[in-house]
Each structure stands twice: as structure tokens, then as C-alpha cells.
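Notes to accompany the following structure.
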Amino acid sequence: MPFVEVNGVRLHYDEYGRGHEVIISAQSSFSEGSYQEELAKQSDRYKVYTITLRGYAPSSHVLEDLGEQWYPTWADDVNAFAKQKGIGRFIYTGASHGAGVGWYLAFRHPQVLKAFISVVGTPHDRAGGQYSKQRLQTMQGAQQEDFQGPQFFLVPTTDPVRQKRQAIWRQRLKERFATMSKEELKINVPKPFPECKTNEALAEKLSQVRVPTLLLAGCQDDVVSPEMHLLAAKVITGAKAIFYQDHSHTLPFEGKELIVQDILLYLQQLEQMEA
């Protein structure tokens with residue numbers, strides 16, 4: 001099990017593929033067969049690193065409350081990881097909170113990013129308070145004996161492949177949260193850019209992004225609405241957005257073949273434009 005020491009903590013990571021172009025992704029956990037892993041399998045151009053964020057096993061636990069500094073800290077960890085590995089510039093992708101790390105990389109370390117691919121991870125609507133509904137459910141779960149994870153909307157489907165994947169999703173979610181420590185469950189990550197109190201302020205913030213950006217959204221996402229992805233696409237110079245009908249926040253798992261195909265096409269087009 002590989003680890004690297006950066007910024008005073010130990011980060012667990014895995015690597016896939018042998019390509020010369022590097023893709024990095026960071027999340028609280030990665031399931032077997034993730035879209036990040038599939039990117040390396042579907043193209044020999046890419047080497048993919050998946051990093052477990054500090055605060056989540058098997059990376060170092062964090063007992064202190066970082067509050068609004070979680071995302072900045074995670075972004076700095078990814079940047080330090082790349083430097084440790086001798087990676088000059090890379091493509092970053094992440095799903096949900098993993099994409100949140102990418103937004104902060106785009107602001108804090110834009111010079112290292114060749115591109116940013118956000119999967120169901122545009123910053124949340126400012127309505128509803130500082131935390132997403134699912135984050136609140138997770139923090140409250142630390143006080144429960146048999147917490148089985150936050151609730152996510154699964155689009156009703158007759159597709160047997162997706163039905164099987166939804167069953168696997170439910171089971172993995174249950175198993176994942178059943179094994180998390182109270183410290184992990186209590187991590188109180190606010191919505192990205194909490195200083196932006198309105199969607200107008202958030203739009204102004206996102207308009208400052210100067211990194212090639214691809215936004216992948218589920219039209220039935222109950223965590224980050226398609227409207228928020230559209231807001232980001234409208235204000236980020238050169239951004240591209242793809243919306244998947246009949247998909248929700250589980251798009252990275254249920255529709256991984258779709259998004260891998262679109263990500264690889266986007267990166268190919270980006271390379272052609274820069275040639």
C-alpha cells in the first residue's frame with residue numbers, strides 16, 4: 001500500500017497506467033473500477049494517481065477542525081504530492097467533493113493544471129446554508145450507532161446494468177460508512193467558497209478561473225443542480241459542459257463509460273487546440 005509524506009501528513013495513493021500524461025484525482029475514498037481507473041485502462045496516454053484525502057483512512061486522520069480550510073488544505077496536499085513525484089503539470093479530475101479540491105487548485109495553484117475536469121462537482125447553490133444536505137447527514141451520523149450513509153437520489157431505471165450498479169452503490173455506501181470512524185464522519189467540509197453568500201457572488205468568483213475546464217453534470221442530481229453547472233459554464237472562459245439526462249449524483253459510478261469517453265475526447269480536442 002503506497003504512501004507519500006507531504007505537508008506533515010501521510011497520504012495513501014494508487015497509480016494506474018503508464019502513459020506520459022498525468023491525471024491526478026483526490027477523494028475521501030475510491031471504489032474498485034472507478035472512472036479514474038478506467039481512464040488509464042481506456043488510453044495508454046495517461047498515468048492516473050488517485051489520492052485518499054487527509055482525514056480519511058488509510059491516509060492520516062485529522063483530529064482538529066479545519067472548518068473552511070479543508071478544501072484549501074486538500075488542494076495544497078495535491079500540489080505537494082505532484083511536486084514530490086516530480087510532476088510538473090497535470091490534469092486534475094474529481095467527483096463531488098473531489099471536484100471541490102480541483103476548484104481550489106484552479107485558484108491556488110493554476111500554474112500546475114493543464115485542465116480541470118469536474119464531475120458532478122460544481123460548487124453548490126448558495127441556498128440551504130453552509131453545508132450540503134448530505135454533508136449534514138454525514139456529520140449527524142457520527143452520533144448514530146448504525147449510520148448507513150447519506151441519502152442520494154437514484155434515477156428509476158429499467159436498464160439491468162444500471163439496476164445492478166445501483167444495488168452495488170447502496171451496498172458499498174452502507175459498508176463504507178459503517179467502517180468510518182467518528183472523526184471521519186465529523187469532518188465538517190462546507191460548500192466550496194463559503195465566502196460567496198449568493199449565487200451572483202459565486203458566479204463572479206468562478207469567472208476568475210483561467211484553467212481549461214470541463215463540467216460533467218447529472219440532470220437529476222439532488223446534490224449539485226444542473227442549474228449550478230450551467231451557471232459555471234456561462235461564466236468560465238472557454239468552459240465546456242455536458243449534461244446527462246436520467247443521471248444523478250451517482251453519474252461517476254452508474255455512467256462511468258459515458259464520462260470516460262467524453263473526458264478522453266475533451267482531452268484529445270484540448271491537445272489539438274494547443275498543438
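Among the residues making up segment 93-127, those that are farther than 29 Å from LYS182 by Cβ, among the β-branched types (Val, Ile, Thr) and either open to solvent by 10 Å² or more (accessible area, probe 1.4 Å) or part of a loop (DSSP other than H, G, I, E, B) (or both) are VAL112, THR122.
Here SER59 meets the list (1) part of a helix (DSSP H, G or I); (2) open to solvent by less than 10 Å² (accessible area, probe 1.4 Å) almost entirely, failing just condition (1). Applying the criterion of being touching a residue at least 40 places away in the same chain (Cβ under 8 Å) and out of contact with any helix residue (DSSP H, G or I) (no Cβ under 7 Å at 6 or more places or on another chain) to the residues of segment 128-151, the residue that is surrounded by the most Cβ atoms within 10 Å (Cβ to Cβ) is SER132. Every residue in segment 174-198 that is open to solvent by 90 Å² or more (accessible area, probe 1.4 Å) and either of a type in the set (Phe, Trp, Tyr) or at pLDDT 95 or above (or both), please. Selection gives GLU195, LYS197. Taking segment 168-223 as the range and being acidic (Asp, Glu) and closer than 30 Å to TYR266 by Cα as the test, the residues that pass are GLU200, GLU204, ASP221, ASP222.
To keep it simple, each residue is scored yes or no on (1) β-branched (Val, Ile, Thr); (2) touching an Asp or Glu at 6+ places or on another chain (Cβ under 6 Å); (3) at pLDDT 95 or above.
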site: PHE90; (1), (2), (3): no, no, yes
site: VAL120; (1), (2), (3): yes, yes, yes
site: GLN130; (1), (2), (3): no, no, no
site: GLN140; (1), (2), (3): no, no, no
site: GLN148; (1), (2), (3): no, no, no
site: PHE152; (1), (2), (3): no, no, no
site: PRO156; (1), (2), (3): no, no, yes
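Return a yes/no flag: does segment 9-24 have any residue that is in a helix (DSSP H, G or I), modelled with pLDDT under 95 and either farther than 17 Å from SER96 by Cα or among the acidic types (Asp, Glu) (or both). Checked segment 9-24: no residue is in a helix (DSSP H, G or I), modelled with pLDDT under 95 and either farther than 17 Å from SER96 by Cα or among the acidic types (Asp, Glu) (or both). On the basis of being open to solvent by less than 60 Å² (accessible area, probe 1.4 Å), of a type outside the set (Val, Ile, Thr) and in a helix (DSSP H, G or I), does GLU37 make the cut? Yes.
Consider GLN220 carefully, then state whether it is modelled with pLDDT of 95 or more, under 27 Å from PRO156 (Cβ atoms) and over 16 Å from the mean Cα position of the chain (by Cα). Judged against the criteria, GLN220 is a match. Among the candidates ALA201, ALA232, which residue alone is part of a helix (DSSP H, G or I), modelled with pLDDT of 95 or more and more than 20 Å from the chain's Cα centre (by Cα)? Within the list ALA201, ALA232, the selection yields ALA201.
GLY88 - would you say it is open to solvent by 40 Å² or more (accessible area, probe 1.4 Å) and over 21 Å from SER34 (Cα atoms)? For GLY88, the condition - open to solvent by 40 Å² or more (accessible area, probe 1.4 Å) and over 21 Å from SER34 (Cα atoms) - is met.
Modelled with pLDDT of 95 or more and in contact with a Cys (Cβ under 7 Å, 6 or more places away or on another chain), is that true of ARG126? So that I can check it myself, show each step before the final result.
Values: modelled with pLDDT of 95 or more: yes; in contact with a Cys (Cβ under 7 Å, 6 or more places away or on another chain): yes.
It is true that ARG126 is modelled with pLDDT of 95 or more and in contact with a Cys (Cβ under 7 Å, 6 or more places away or on another chain).
Of all residues in segment 199-220, count the ones that are open to solvent by 10 Å² or more (accessible area, probe 1.4 Å), under 22 Å from ARG135 (Cα atoms) and touching a residue at least 40 places away in the same chain (Cβ under 8 Å). Write out each step before concluding.
To start, the set of residues in segment 199-220 that are open to solvent by 10 Å² or more (accessible area, probe 1.4 Å) comprises 199-201, 203-205, 207-208, 210, 212, 219-220.
This time we only want the ones that are under 22 Å from ARG135 (Cα atoms), so: 199, 219-220.
Those left that are additionally touching a residue at least 40 places away in the same chain (Cβ under 8 Å): 199, 220.
Qualifying residue count, segment 199-220: 2.
Looking at segment 154-162, can you tell me whether even one residue there is of a type in the set (D, E, K, R) and within 19 Å of the chain's Cα centre (by Cα)? Lay out the reasoning, then the answer.
So the first thing to find is which residues in segment 154-162 are of a type in the set (D, E, K, R), and the list is 159, 162.
Okay, now just the ones that are also within 19 Å of the chain's Cα centre (by Cα), so none.
Within segment 154-162, none of the residues are of a type in the set (D, E, K, R) and within 19 Å of the chain's Cα centre (by Cα).
The residue pairs whose first member lies in segment 93-112 and is over 14 Å from THR50 (Cα atoms), whose second member is modelled with pLDDT of 95 or more and among the charged types (D, E, K, R), and whose beta carbons are closer than 8 Å, counting only pairs six or more residues apart or on different chains, are ALA106/ARG210; ARG108/ASP76; HIS109/ASP76; PRO110/ARG210; GLN111/ARG89; VAL112/ARG89. Of all residues assigned to segment 153-162, none qualifies as being closer than 28 Å to ILE24 by Cβ, open to solvent by 10 Å² or more (accessible area, probe 1.4 Å) and in contact (Cβ under 8 Å) with a residue 40 or more places away in the chain.
The values are calculated or read from the model by the stated rules, or taken from the named source; none is laboratory data. Bear in mind the structure is a predicted one, so any value in this text is a computation, not a measurement. All Cβ positions, glycine included, derive from the backbone under ideal geometry; neighbour counts span all protein chains shown. Ligands, DNA and RNA are stripped out before the accessible areas are found, and what is left, the full protein with its side chains, is counted by its heavy atoms. Shrake-Rupley method; radii C 1.70, N 1.55, O 1.52, S 1.80 Å.
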